[in-house]
1. Restricting to Cα atoms and excluding each atom paired with itself, what does the Kirkwood estimate give for the chain in Å?
2. Tell me, what is the FRET efficiency for Val4 and His88 to the nearest 0.05, using R0 = 25 angstrom and their Cβ-Cβ distance as r?
3. Need one word for segment 1-45: rounded, prolate or oblate. Basis is the Cα gyration tensor (sqrt eigenvalues a ≥ b ≥ c); a/c below 1.5 gives rounded, then a/b vs b/c decides.
4. As an exercise, identify the GluC sites (Glu not before Pro) in segment 1-105 lying in DSSP coil whose Cβ has no more than 15 other Cβ atoms within 10 Å.
5. Return the whole-Å distance between the Cα centroid of segment 1-55 and the Cα centroid of segment 65-124.
6. Loop only by DSSP, 15 or fewer other Cβ within 10 Å of the Cβ. Give me the trypsin sites (Lys or Arg not before Pro) in segment 107-155 that pass, ordered by residue number.
7. Around Phe156, which amide H atoms from residues at least 5 apart in sequence, or from another chain, sit under 5 Å from its own amide H, with H modelled in the peptide plane?
8. What distance in nm lies between label points placed 7 Å from Cα along the C-beta direction at Asp64 and Glu15?
Amino acid sequence: SNAVGGLGYVACAQELQQQFFDSGERFDRVVVGSGSSGTHGGLLAGFLGNRIDIPILGIGVSRDPPDQEPLVHREAQAVADLLDVGLHIPREAVRSVGGYWRPKYSVPNPMMVEAVQMLARTEAILLDPVYTGKIMAGLIGLARAGELAPGERVLFLHTGGLPSLHAYEEVVLGG
C-alpha cells in the first residue's frame with residue numbers, strides 16, 4: 001500500500017458518490033477492511049476530498065486501533081498530499097475496531113467461520129477467511145453488541161479475496 005495505490009480508492013469514493021446520486025440510496029456508515037491501510041486510507045481521503053459526509057469504519061484484519069489508526073491516518077494524508085488539493089485529514093476521522101482478526105492475520109477463527117458460512121447460506125455472497133470474512137465477523141459482532149443503531153444503513157465494501165477461500169475450504173466450508 002502506498003499513496004499511488006490509494007488513488008484507486010479515491011476513484012472508488014467518486015464512483016460510490018455517483019451511485020448514491022443515481023440511486024438515491026443513503027447510508028449512515030461504510031464498513032471497510034483495514035489492514036495495510038491502502039483501502040481504508042484511500043477511501044477516507046476520497047470521501048473527505050469529495051465531501052461525502054458518511055463516516056468510514058475500518059475493521060482491523062491484523063492490528064487493533066492503537067496500532068492501526070496512525071497507519072491509516074498517514075496513508076490518508078499521503079493520498080491527499082499526492083492529490084495536491086490542500087486537504088488536511090483530521091485524526092478523529094480515522095475510526096477502527098479490532099479484535100476480530102485474532103489470533104493473527106490469515107488464521108481462521110470461529111467468528112470468521114460463522115460469518116463466511118452465514119453470508120454464503122443466506123446471501124450467496126462468498127467471503128474469504130483472511131480478509132473479508134474477518135471484516136464481516138466484525139460487522140456482525142458490532143450489530144450483536146448494539147453498536148449499530150436500529151435501522152442504521154451500513155454499506156459493507158467487499159474488496160475480494162475469493163481465491164484464498166479455497167485454501168481454507170476444509171476449515172471454513174467443512175468440506
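The values are calculated or read from the model by the stated rules, or taken from the named source; none is laboratory data. Being a predicted model, the structure only gives us computed values, none of them experimental. Quick reminder, even Gly has a Cβ in these numbers, built from the backbone with ideal geometry, and neighbours come from all protein chains shown. Each accessible area value is taken on the protein alone, full model and side chains, heavy atoms only, with ligands, DNA and RNA left out. Shrake-Rupley method; radii C 1.70, N 1.55, O 1.52, S 1.80 Å.
1. Details: mean 1/r = 0.0609 Å⁻¹.
Result for the chain, one decimal place: 16.4 Å.
2. Given R0 = 25 Å and the Cβ-Cβ separation, E is 0.80.
3. Working: a/c = 4.00, a/b = 1.77, b/c = 2.26.
Since a/c reaches 1.5 but b/c is at least a/b, the shape of segment 1-45 is classed as oblate.
4. Numbers: sites: Glu15, Glu25, Glu75, Glu92; in loops: Glu25.
Within segment 1-105, the qualifying GluC sites (Glu not before Pro) (loop, at most 15 other Cβ atoms within 10 Å) are Glu25.
5. Each part reduced to its Cα centre gives a spacing of 12 Å.
6. Details: sites: Arg121, Lys134, Arg144, Arg153; in loops: Arg153.
For trypsin sites (Lys or Arg not before Pro) across segment 107-155 that sit outside H, G, I, E and B with at most 15 neighbouring Cβ atoms in 10 Å, the list reads Arg153.
7. Hits under the 5 Å cutoff: Val31.
8. 3.5 nm
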